[in-house]
1. Lysine pairs in the chain 8 or more apart or on different chains: how many have alpha carbons under 18 angstrom apart?
2. For a quick check: with amide H placed at 1.01 Å from N, whose amide H comes under 5 Å from ALA33's, ignoring anything fewer than 5 positions away on the same chain?
3. What is the sum of charges around LYS25, taking Lys and Arg as +1, Asp and Glu as -1, for the other residues whose C-beta is under 15 Å from the C-beta of LYS25?
4. Just to check I understand the Karplus step: with θ = phi - 60° and J = 6.51 cos²θ - 1.76 cosθ + 1.60, what whole-Hz values come out for the stretch 45-56, glycine and proline as x?
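Values in this text are rule-based calculations from the coordinates and carry no lab data. Note that the structure is a prediction, hence the values are computed from the model and not measured. Backbone-built Cβ (ideal geometry, glycine too); neighbour counts: all protein chains shown.
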Amino acid sequence: MSVIPAVYNLQTHYKGSSFLPLRIKLNFDITGAEIICQIKKDVDTPPVYEWITGTNITIIDALTGEFILNQINVFNPEPCRYIYDLQVTLANGTCQTYLKGKIKVVQDITVEV
């Protein structure tokens, strides 16, 4: 039986600004799990950014499923509405999408000198 993902739409983001860390708690054991979260323009397009376990995800407490999608210092995709989801593959091979939503990136008017 499939899990119905929770929907969480992220706040509007200004192009070129930092994407602050996002703390997530799943309330189940994620010991040995592989977590991936991708932001895409559309389902069939390559990700504009992705978080992956062991690279840019910090596990806070595996037993309670608490982790952080680490900060992106400069998140700079083109202004657009994007979609994202978060998928977890547990150590036993079970794979589910637990979170999904949208994020709108808007053009910032300040340009670095």
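1. 11
2. Distant-sequence amide H within range of ALA33: ALA91.
3. Every neighbour counted, the sum reads -2.
4. 10, x, x, 7, 7, 8, 9, 9, 3, x, 10, 9
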